[in-house]
There are 2 protein chains.
Amino acid sequence: MAVRVGVIGGGQLARMMIAPAVELGLEISVLAEAEGMSAQLAATRVGDYRDLETVRAFANEVDVITFDHEHVPQEVLRALVADGIAVHPGPDALQFAQDKLAMRARLAELGIPQPDWARAAEPSQLQEFLDEHGGRAVVKTPRGGYDGKGVRVVSDAADAADWFARLEPGDALLVEELVPFVRELAQQVARRPSGQAVVYPVVETVQRDGVCAEVIAPAPGGNEKLEEVAARIGLQIADGLGVTGMLAVELFETDDERILVNELAMRPHNSGHWSQDGAVTSQFEQHLRAVADLPLGDPSPRSSWTVMVNILGGPSDADLMGRVPAALAAAPSAKVHTYGKDPRPGRKVGHVNIVGDDLDDIVYEARSAASRFD
Amino acid sequence: MAVRVGVIGGGQLARMMIAPAVELGLEISVLAEAEGMSAQLAATRVGDYRDLETVRAFANEVDVITFDHEHVPQEVLRALVADGIAVHPGPDALQFAQDKLAMRARLAELGIPQPDWARAAEPSQLQEFLDEHGGRAVVKTPRGGYDGKGVRVVSDAADAADWFARLEPGDALLVEELVPFVRELAQQVARRPSGQAVVYPVVETVQRDGVCAEVIAPAPGGNEKLEEVAARIGLQIADGLGVTGMLAVELFETDDERILVNELAMRPHNSGHWSQDGAVTSQFEQHLRAVADLPLGDPSPRSSWTVMVNILGGPSDADLMGRVPAALAAAPSAKVHTYGKDPRPGRKVGHVNIVGDDLDDIVYEARSAASRFD
């Protein structure tokens, strides 16, 4: 019988699991937040992922539960596990993706290199961290942030006064050193429940306004040491946190050649979209293989270079699909991926991948194709 | 707005259009012959494709109609066109894929190289052809044959007596010269309604018992002349017959280096499945782009070689999906495609693609992975 994979969340990551699920012969179904979401084609239920009975009813129709996002509450996840349902990644791992303070503490225990950080339950603790770190730091809300939201650079404790005011008793903000990085990288790792793990090439990510804009795979100017360090960090985290499925580790490369962990995601991630067309096994296929506990596929690149350019916001006339012909005509080798989402300023509505041997050429072509959506 | 593509027929070809439709942002829906078919995920209606009102109701919900097979009757197709519905390929082209006698006559008009052939309305005409061609020939029923069905090698007119007995008045059998071929090839071409066409590399196909067993892309030992001749034949047929969408031309290569047209298919075809993993633009994505009149994609191979091995029949215990883990473990670079069909002797239930630089290695790996389904 075909393995039935249930995905909680109907966004573009769930949508992009549909294609490899169909090819592998897995039965995919989606619990979507609303009608008409990106993963509509596979949506069998619509409901609130925070409601245990809604999630439980969905889970009872599948063999394994996985996720489009990390927001399903711990109590819901733990109730599913208690029901005997296979949940990948499980709550023990997901807690570290849900709470950045817990993640920093666990990475410290594992000895993983990361920025200096502290728990700031009140403004004086933030001010103390600022005083010790040259007067500037990054403050993050430990939960619910994404794409630059819940992240703020501050030079005075007063800059985070509103966040402190909203803290629940016992909660705190995360403060991090402002890392003098030269560029950002990302490391993808896949890990099965049985422990088998594979490592993708480390990639360079280019952010604009806190949102991923472009990815180049593998990271240019890479060398064996960089690849080894990034791969070791990825594997240590996947093992140490018990991640099952895809893990994305966002990294800073500093001017003194240190590699520090920025953020984690326990699911397919924007920094791995290049693999859909540029790797033998895409991160979406790999995630499905991992959560279904199937043997993992070859993560090798298919060619010298792959460039991914996000389509951010979409055209001002809101007719995303009307621009597809011009984008396809601009670059016959471009793979245009759209998410079935309405254009809106800054929103990720699609991306373009191009694979090739000449990096300058494909960067130009990918940007050119993506610009047809401006 | 997203272009809505409606596919008539719920088999594996419709199934394999789902992945690229999702990625491109096309809305795909399928009119399936029954519940639970290969393309179930996108099936919005179940009904008889020979019934005009069933097909018309489906067609009214989409922007363009295309096909999983060539069996929709001409009168149904022509009624859709009269309704103003975009049908690709259209009935004028499809008639030549539906009737092999009409195809032979049209290719003769176009001057395309093909085996000697004749129309045999009665046994004496078949006998006459046999007498002129060394006493052996291939007899075909002009309609409804596939995968070796409706094809018979005869050495006496009596060998086709049952087929002659069943002929309707005015109908005839097709008789063809038994071509002394050294191997079989296939040429894929995509053509848009606006006329743009692209040509895939010519591939070698290996048949067993009249069914495609393996494909090697590009055809080994190929040379520029072979590629040019095959490409020219493909383009001439696509233009001459007004094909829109994918065209597959099955070819014989003779011992005196002639290339002769064997059969045609106006849809994605088994001989093009390699392109899912081995070409920049797969035949399924290309078919969708062509029928939606979008700019065509790059048909170039991604690597030196791609091998496709069909999974025929499936395991004797009928548990196809139970064999997937062993197949994936056997070859981490294998792309295993299953069709959601029940195993049955001789039935095409999936295929394996492997892409690489060493042909011997990937042939071995692809066969090894596919053999896990025996």
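The values are calculated or read from the model by the stated rules, or taken from the named source; none is laboratory data. Note that the structure is predicted; figures quoted are calculated from it, not measured. Glycine gets a Cβ as well: all are built from the backbone with ideal geometry, and neighbour counts include every protein chain shown. SASA here: full protein model, heavy atoms, side chains in, ligands and nucleic acids out. Shrake-Rupley method; radii C 1.70, N 1.55, O 1.52, S 1.80 Å.
Here the 3J(HN,Hα) profile of region B:86-95, calculated from phi with Karplus coefficients 6.51, -1.76 and 1.60 at θ = phi - 60°, is 6, 10, 9, x, x, x, 4, 6, 4, 4 Hz, Gly and Pro shown as x.
Taking Lys and Arg as +1 and Asp and Glu as -1, the other residues whose beta-carbon sits under 14 Å from that of A:GLU61 total -1.
For B:ASP360, the label point sits 7 Å beyond Cα toward Cβ; its separations from the matching points on the remaining copies run 4.0 nm, from shortest to longest.
What net charge is computed for the residues neighbouring B:GLU257, neighbours being all others with C-beta under 14 Å from the C-beta of B:GLU257, Lys and Arg scored +1, Asp and Glu -1?
Working: positive: B:ARG183, B:LYS225, B:ARG258; negative: B:GLU224, B:GLU227, B:GLU228, B:GLU253, B:ASP255, B:ASP256.
Surrounding charge for B:GLU257 is -3.
Averaged over the residues of B:276-285, the number of partner chain Cβ atoms lying within 10 Å of the residue Cβ comes to 2. When B:ALA329 is represented by a point 7 angstrom out along its Cα-to-C-beta vector, the spacings to that point in the other copies are 5.2 nm, nearest first.
Full extension of the chain segment joining B:GLU35 with B:SER304 gains 92.8 nm, where the gain is 0.36 nm per residue of separation less the Cα-Cα distance. Across region A:168-175, computed HN-Hα scalar couplings (Karplus, 6.51 cos²θ - 1.76 cosθ + 1.60, θ = phi - 60°) run 6, x, x, 8, 8, 9, 9, 10 Hz from first to last residue, x flagging Gly and Pro.
Would you list B:THR306, B:THR54 from the most to the least accessible area, probe 1.4 Å? Intermediate results must be reported in sequence, preceding the final value.
Numbers: B:THR306 0, B:THR54 40 Å².
Reading off the accessible areas and sorting them downward yields B:THR54, B:THR306.
Proximity of backbone amide H atoms, modeled 1.01 Å from N, is registered between A:VAL87 and A:ILE65 at under 5 Å, excluding neighbours fewer than 5 places apart on the same chain.
Residues whose amide H lies under 5 Å from that of A:LYS348, counting only those 5 or more places away or on a different chain, are A:GLY313; hydrogens are built 1.01 Å from N in the peptide plane. The phi-based Karplus calculation (6.51 cos²θ - 1.76 cosθ + 1.60; θ = phi - 60°) puts the 3J(HN,Hα) values of region B:293-298 at 6, 8, x, 6, x, 5 Hz, whole numbers, x for Gly and Pro. Note on A:293-299: average number of Cβ atoms from other chains within 10 Å of each residue's Cβ is 5.
If A:TRP274, B:TRP163, B:TRP305 are ordered by their accessible area, calculated over protein heavy atoms with a 1.4 Å probe, which sequence runs from highest to lowest? Before the final figure, lay out the partial values.
Working: A:TRP274 5, B:TRP163 25, B:TRP305 60 Å².
The ranking, largest first, comes out as B:TRP305, B:TRP163, A:TRP274.
Between copies, the label points at B:ALA213 (set 7 angstrom from Cα along Cα-to-Cβ) are spaced 5.5 nm, reported in nanometres from shortest to longest.
Please compute the average number of Cβ atoms from other chains found within 10 Å of each residue's Cβ in peptide B:314-325.
Details: counts 0, 0, 0, 0, 0, 1, 3, 7, 2, 0, 9, 6.
Per-residue shielding by partner chains comes out at 2.
Summary value for chain A: 13 percent relative contact order, contacts being C-alpha pairs under 8 angstrom separated by 6+ residues.
Rolling a 1.4 Å probe over the protein chains gives B:LYS140 an accessible area of about 10 Å². Annotation for B:ASP357 and A:LYS149: the two label points, set 7 Å from Cα along the Cα-Cβ direction, are 4.6 nm apart. Once divided by 2.2 N^0.38 Å, the Cα radius of gyration of chain A becomes 0.97. When only Cα pairs below 8 angstrom with a gap of at least 6 residues are kept, region A:1-88 shows a relative contact order of 32 percent. Among residues of chain A, the one whose beta-carbon sits closest to the A-to-B rotation axis is listed with its distance in Å as A:ALA19, 2. Computed with a 1.4 Å probe on the full set of protein chains, the accessible area for A:ARG367 sits at about 120 Å². Take the Cβ atoms of B:ASP374 and A:ARG208, set R0 to 56 Å, and the FRET efficiency comes out at 0.60. Amide H contacts under 5 Å for A:VAL7: A:SER29, A:VAL30, A:LEU31, A:THR66, restricted to partners 5 or more places along the chain or on a different chain, H placed in the peptide plane at 1.01 Å from N.
Helix-only estimate, please: 222 nm mean residue ellipticity of the protein assembly as shown, summing -39500 (n - 2.57) across DSSP H runs of length 4 or more and dividing by its residues, to the nearest 500.
Values: 24 runs with 232 residues, N = 748.
Roughly -9000 deg cm²/dmol at 222 nm, from the helical runs in the protein assembly as shown.
Of all beta bridges that DSSP places with both ends in chain B, some 80 percent have antiparallel geometry.
Give the calculated FRET efficiency between B:ASN223 and B:ARG136 to the nearest 0.05, with a Förster radius of 41 Å applied to their Cβ-Cβ distance. Don't jump to the answer; show the numbers that get you there.
Values: r = 31 Å, r/R0 = 0.76.
Efficiency, rounded to the nearest 0.05: 0.85.
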